[in-house]
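The values are calculated or read from the model by the stated rules, or taken from the named source; none is laboratory data. This one's a predicted model, so the numbers in the text were calculated from it and none came from an experiment. All Cβ positions, even for glycine, are placed from backbone atoms using ideal geometry, and neighbour counts span all protein chains on display. Side chains included, ligands, DNA and RNA excluded: accessible areas come from the protein's heavy atoms. Shrake-Rupley method; radii C 1.70, N 1.55, O 1.52, S 1.80 Å.
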Amino acid sequence: QVRLVESGGGLVQPGGSLRLSCAASGTIFSIITMGWYRQPPGKQRELVATIASGGVTNYADSVKGRFAISRDNAKNTVYLQMNSLKPEDTAVYYCKANSVGIGYWGQGTQVTVSS
């Protein structure tokens, strides 16, 4: 079992920045990739960014150049640095950890971009 706890969400003005954190605990040695997903109001959950154990990253086109995913293996934590935020980035952001044949989700953190 892997437990994920997200933090760092909140209200920010357009053009602002936020950093989300996702702390993992449990059988973390089994984690292959970690990622961030988001679910805008009234829409389906979508991929934002992923990072593999070797450090290879992948981003949705909508966030390339604005968001950056990173991980601190010593702290078992994954981060999502979000810059130049837009109103359309408003969503509940979820952390996900993938092991062989199973994925684990965090509880989500709300990000609201509004003036």
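Matching residues to (1) touching a strand residue (DSSP E or B) at 6+ places or on another chain (Cβ under 6 Å); (2) open to solvent by less than 50 Å² (accessible area, probe 1.4 Å); (3) within 15 Å of Thr109 (Cβ to Cβ):
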site: Ser7; (1), (2), (3): yes, no, yes
site: Leu11; (1), (2), (3): yes, no, yes
site: Leu20; (1), (2), (3): yes, yes, yes
site: Ala23; (1), (2), (3): yes, yes, yes
site: Gly26; (1), (2), (3): yes, no, no
site: Phe29; (1), (2), (3): no, no, no
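Tell me the residue from Ala97, Ala68 that is open to solvent by less than 30 Å² (accessible area, probe 1.4 Å) and in contact with a Phe, Trp or Tyr (Cβ under 9 Å, 6 or more places away or on another chain), please. Let's see the steps before the verdict.
Numbers: Ala68 fails: open to solvent by less than 30 Å² (accessible area, probe 1.4 Å).
Among Ala97, Ala68, only Ala97 is open to solvent by less than 30 Å² (accessible area, probe 1.4 Å) and in contact with a Phe, Trp or Tyr (Cβ under 9 Å, 6 or more places away or on another chain).
Is one or more of the residues making up the stretch 32-55 modelled with pLDDT of 95 or more, more than 11 Å from the chain's Cα centre (by Cα) and surrounded by 21 or more Cβ atoms within 10 Å (Cβ to Cβ)? No, the stretch 32-55 contains no residue that is modelled with pLDDT of 95 or more, more than 11 Å from the chain's Cα centre (by Cα) and surrounded by 21 or more Cβ atoms within 10 Å (Cβ to Cβ).
Scanning for something part of a strand (DSSP E or B), farther than 20 Å from Gly15 by Cβ and free of Cβ contacts under 8 Å to residues at least 12 places away in the same chain, does the stretch 78-101 turn up at least one residue? Within the stretch 78-101, none of the residues are part of a strand (DSSP E or B), farther than 20 Å from Gly15 by Cβ and free of Cβ contacts under 8 Å to residues at least 12 places away in the same chain. Before we move on, is Thr109 modelled with pLDDT under 95, under 12 Å from the mean Cα position of the chain (by Cα) and among the β-branched types (Val, Ile, Thr)? For Thr109, the condition - modelled with pLDDT under 95, under 12 Å from the mean Cα position of the chain (by Cα) and among the β-branched types (Val, Ile, Thr) - is not met.
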